[in-house]
1. If we scan the stretch B:147-161, do we find a residue that is under 25 Å from residue A:23 (Cβ atoms), within 13 Å of the chain's Cα centre (by Cα) and of a type in the set (Gly, Ala, Ser)?
2. Find the residue count for the stretch C:257-271, including only residues that are open to solvent by 10 Å² or more (accessible area, probe 1.4 Å) and under 14 Å from the mean Cα position of the chain (by Cα).
3. Show me the helices (runs of 4 or more DSSP H) found entirely inside the stretch B:98-192 where at least 2 residues are of a type outside the set (Phe, Trp, Tyr) and open to solvent by less than 50 Å² (accessible area, probe 1.4 Å).
4. Here are the criteria: (1) in contact with a helix residue (DSSP H, G or I) (Cβ under 6 Å, 6 or more places away or on another chain); (2) among the polar types (S, T, N, Q); (3) assigned to a strand (DSSP E or B). Tell me which single one residue C:255 does not satisfy.
5. Which one of these is within 17 Å of the chain's Cα centre (by Cα) and open to solvent by 30 Å² or more (accessible area, probe 1.4 Å): A:58, A:147, A:111, A:151?
6. Go through the stretch A:14-52 and give me each residue that's surrounded by fewer than 22 Cβ atoms within 10 Å (Cβ to Cβ) and in contact with a Pro (Cβ under 9 Å, 6 or more places away or on another chain).
7. Hey, among B:72, B:58, B:84, B:5, which residue is under 30 Å from residue C:27 (Cβ atoms) and free of Cβ contacts under 8 Å to residues at least 24 places away in the same chain?
8. Scan B:113, B:122 and give me the residue that is within 13 Å of chain A (Cβ to nearest Cβ), within 27 Å of residue C:96 (Cβ to Cβ) and not charged (D, E, K, R).
Amino acid sequence: MKPLKQLKNALLTQNPVLNQLLGMCSVLAVSTTVSSAFGMGVTVTAVLICSNVFISLLSPVIPQQVRIVSYIVIIAGFVTAAELLINAFFPSLASSLGVFIPLIVVNCIILARDEMFASKNSVPASALDGLFMGLGYTAAIVLLGALREVLGNGTLAGIPVLGSGFRPILMLNFAPGAFIALGLLLALVQKLTARLGQKGE
Amino acid sequence: MKDLLLLSLNAILIENVILVKCIGICPFLGVAKKTSTACGMGLAVLFVVTFSSFVTWLFQHWVLAPLGLEYLQTVAFILIIASLVQLTEMVLKRFMPPLYEALGIYLPLITTNCAVLYAALNGARDMGSLFSATVNGFMTAAGFLLALLLFNGVHQRLQQCEFPPSLKGVPAELISAGLLSMAFMGFQGFSL
Amino acid sequence: MTLKKLTSQLRSGSVWDIASRLLTITFLVGLCLAGVYALTSPVISAREEQARQSAMSTFFPGCHFTQISCQAPEVERLYKAEEASQCSGYCALLSVNGYGGNMEVMVAVNADGRVRGVEVLSHSETQNIGSLAAQESFLSRFKGKTADFGLVQAPNVPDENQVQALSGATRSSRAVASAVTAALRAVENLAVAPPTGEEDKLLPSETSALKNWFGEVIARPVDLPAEHGAAVEVWQLHSPTQLVGYAVKTQTVGQNEAFKITTLIGFNASGAVISYEILESFELESFTAALLRDDFRLQFVGRTVPVTTDGGENSVELIPNMEKSCRAIVKAVNDGLQTVAALQGGAAQ
């Protein structure tokens, strides 16, 4: 499949968060601001690419019966490395993401891509798949983050964008707002998918 | 005693894993459809989380900290959790086959349940004693079970409703989860 | 999996094969993580030191800090804040046990022995319960208190010399209160001991350095001569029969204006440099280690005239990328030489 088509798939029709409904824990919890959403997206993409590459490389030697556990160990290794590097070089990101960095280990997206794609495909293809799926995830989480930050705080990446007369919807900064915002976003996606499907007929 | 009560209250209501901290959503949406699976999953998670909070706290304080290997926490914990889930699977298959059948695919999925790893990390990082870590784990999972059961009740009502096509399915579930979460926000005002 | 199946698999060796492969993968992952950890932990500890320094500078802006010895067990470090040689107060760094584990607390004390401010640098208290004990709204309750303040439980109203604990976070409140009390008592004890006696006493690190260079000697503190530069203390070192040498303690500025490097330099009886030891440094650990390494230090050994950095006859080579720290040592040695020369010139030969 051509890379460009793959990218379009990952972003629009097979988006890991919006279409496949994976990895929602981190999307809901971290998307209060665009900057933390972006930071999370980049971290997940990095871990996804690295783990995809390594699992693709090592898949001949990973025993079948314990392959899920092996994948998890490798992913955990990369997540811990990411956590150490973020703690050392990006302390503000570390404090905004907090305990959700180690929780990337159990992000369903990474495990699903490793199991379904990386273990069966070549290293370059897996790397590319990791990149695209990561971009899809980042796009989804940043979109939700932008929605929640603009409407819930009046700012975008810290810059006020809606003027002082705007009364922010404070609920969006908390869990209920996250659920509802994501629900509405998914409803939109469903509507668009249905409409595209109709056009195709 | 008062400390424990506050800890429990915190874990179940004020910082409910699913409805306040948004952790453990994946199985939440899938399992809450039938009461039996919701119950079974909740109880299985209860067992795994309590057991893993116990073991991981011990591992952290008796192995990782003395050896200066705290950075291996995530790797070690996830391995411990995976082993415990495997153990639970074997025990259930042997002693409670109907439950094992009912849970089906959801049992191995407990390994990738954010709530389990979260409870383990929380216990090891924030709790001063083994006892409080285990109680915290148990109460966190109790909160998980509570949220599952509440949502299951809501879901049964949702089945009866007519939805516009774009809202059908997951969007409606998320919005109702959001409303449940809003109810739980009432507990935030607890001045402890 | 029944016992029979398990044992048959064990016998066929496949379980060992699987287990060993899994173990190898885990081991390799652990090894790589050890590497990343070795790379990142110095950065993290440098940043933690920065946080401590900035906390101290926030409490006492414009002052510079010197570490003083403290016997109290909970007090990890005690710093004296001075502005233009006037003591503005003290900063104590303490480690106490809260509800969820260790708490690192910094207590700033005014020169009159009252609390100037408290900051919690790190803690593992429960979110929204114990963590409130780390917030300004609770910590500001300690301002102005003296060492005999008491902690009262809500809803009792605290009087002049009492602090109200956080209801529901008694353990955390008590931990912070104990840190503040320990800090105040440590400062009190300083005031009790006569200042001259305290300063003239040699710290264990100083005694051991002198022993390494000179063997067993008696160190007699002497008054600083008029031209002493950055030297703060000087001793004449005697064996039972004769003058053996001098020791000069200096404080010079390295990377950070407010935090000086304290150096002890040993000179022989003719005023030549024997060696130096860094007693207190706020530079990065790697910098301090580099300044103590032989390839830099040996350049100073045997010098009798002031050292330069211009590449001329009396020049020393600075370590690249750490010029400021090296210049601190150069100034320390030069001022030491000046002090010893002044002492020798003054004493009847």
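1. yes
2. Counting residues in the stretch C:257-271 that are open to solvent by 10 Å² or more (accessible area, probe 1.4 Å) and under 14 Å from the mean Cα position of the chain (by Cα) gives 3.
3. The helices (runs of 4 or more DSSP H) meeting that bar are B:114-126, B:130-158, B:170-184.
4. Every listed condition holds for residue C:255 apart from (3).
5. A:147
6. A:22
7. Selected residue: B:72, the only one of B:72, B:58, B:84, B:5 that is under 30 Å from residue C:27 (Cβ atoms) and free of Cβ contacts under 8 Å to residues at least 24 places away in the same chain.
8. Answer to the check: B:122.
The values are calculated or read from the model by the stated rules, or taken from the named source; none is laboratory data. These numbers come from a predicted model, not from an experiment. No Cβ is skipped: glycine too gets one built from the backbone with ideal geometry, and neighbour counts run over all protein chains shown. Surface areas here come from the heavy atoms of the whole protein model, side chains and all, with no ligands, DNA or RNA. Shrake-Rupley method; radii C 1.70, N 1.55, O 1.52, S 1.80 Å.
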